[in-house]
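Participant: Please find one structure pasted underneath; my questions will follow.
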Amino acid sequence: MEGWVTYHVDARKSGITNKDHLDAMVRKYGEDSDTVRVRVKGEFPLQGNDTVNGADDVREAMARPVVAGDHGQALVCGIDVSRGGLDSTVVTLRRGRDARTLPTWRYAAAMTKDTERLATRIIADLLPFQPDIIAVDATGVGGPLADILRKRSAPAVDVHFGSKALQDRLYINRGTELWFEMKDWLIAGGCIKSTIPKLEKELIARLYEINETSDKTKLVPKDKQPGGSPDFADALALTFAFPGVLPRHTTWGNVLTFNSNPKPAQAYPVLPWEQPKRNAFS
């Protein structure tokens, strides 16, 4: 442009930038991602927002065969609790790379109004599997649900998506961090169900952005992105909240299920040809 002298500088070539932080961004998002284009390379983005998960990565996770060698790992459960409206409460199970051959349950939003009834239904559904830990989205009504589960001897632990991230230098909160840990799991060989179309849509649609003030990654608020609340994907993300948990090798003990015969949840059963051999709980 006449009268102007322009410069383009890659931040990695500057003497005053944090190279470790820049390298971490490249490893996390990829050399060709808009995050790296803008924050590292000093280039214009290719699109307005970035999606957390690539469509190809999600579909590969739906199609790849389940690896049988993960059966010795802990069985973890994630519960995303409905806040009313059209949202559902979703409970999902994962063992290592396998989130496909284990069931997922969806409970109508109306059940959240009766937390005792909802807890009864969840315990009844989980009792045959007895996960080693249950990560509950404890924001709002999720907190009382987690309390009831613990009172009935289920290993429930609170998770707050808005709390501080463990990798605080990269992520603005724990919820964002869990979504990116789930992203890494999908790429590294994770297997998800192909029988839940909403899960695929939620994983592909979730957007993230970079906070202008802190330069940290954050998820775009749910009310500002298409598709509504990502109930299924949030439940799966919660299973990554406690990566160091070990198999209990014990039963839950005297779990109180109560005899209230609640209305069954909508379940997504394991297909016969997907069913792996399992060790029964003792």
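No value in this document is a laboratory result; all are computed from the given coordinates. Computed from a predicted structure; not experimentally measured. Backbone-built Cβ (ideal geometry, glycine too); neighbour counts: all protein chains shown.
Participant: Which order, highest average first, do 90-102, 131-143, 199-211, 64-76 follow once you tally other Cβ atoms within 10 Å for each residue and take the mean per peptide?
Facilitator: Descending mean neighbour count gives 90-102, 131-143, 199-211, 64-76.
Participant: Which of rounded, prolate, oblate describes segment 167-227, given a ≥ b ≥ c as roots of the alpha-carbon gyration tensor eigenvalues and a/c under 1.5 marking rounded, otherwise prolate only if a/b is larger than b/c?
Facilitator: The shape class here is oblate.
Participant: Compare the peptides 175-188, 103-116 by average per-residue count of other Cβ atoms within 10 angstrom and give them in order, highest first. Each step should come with its number before you reach the end.
Facilitator: Values: 175-188: 20.6, 103-116: 17.9.
Ranked by mean Cβ neighbours within 10 Å, highest first: 175-188, 103-116.
Participant: Which residues in segment 142-174 have a backbone N closer than 19 Å to a point placed 7 Å from the Cα of Asp23 along the Cα-to-Cβ line?
Facilitator: Correct set: 167-171.
Participant: Averaging over all projection directions, find the projected area of the Cα convex hull of segment 39-144 and quote it in nm² with one decimal place.
Facilitator: Numbers: hull surface 40.6 nm².
Hull-based average projected area comes out at 10.1 nm².
Participant: OK, next. Which percent of the Cα-Cα distances in segment 89-232 go past 25 Å?
Facilitator: Taking all Cα-Cα pairs of segment 89-232, the fraction more than 25 Å apart is 33 percent.
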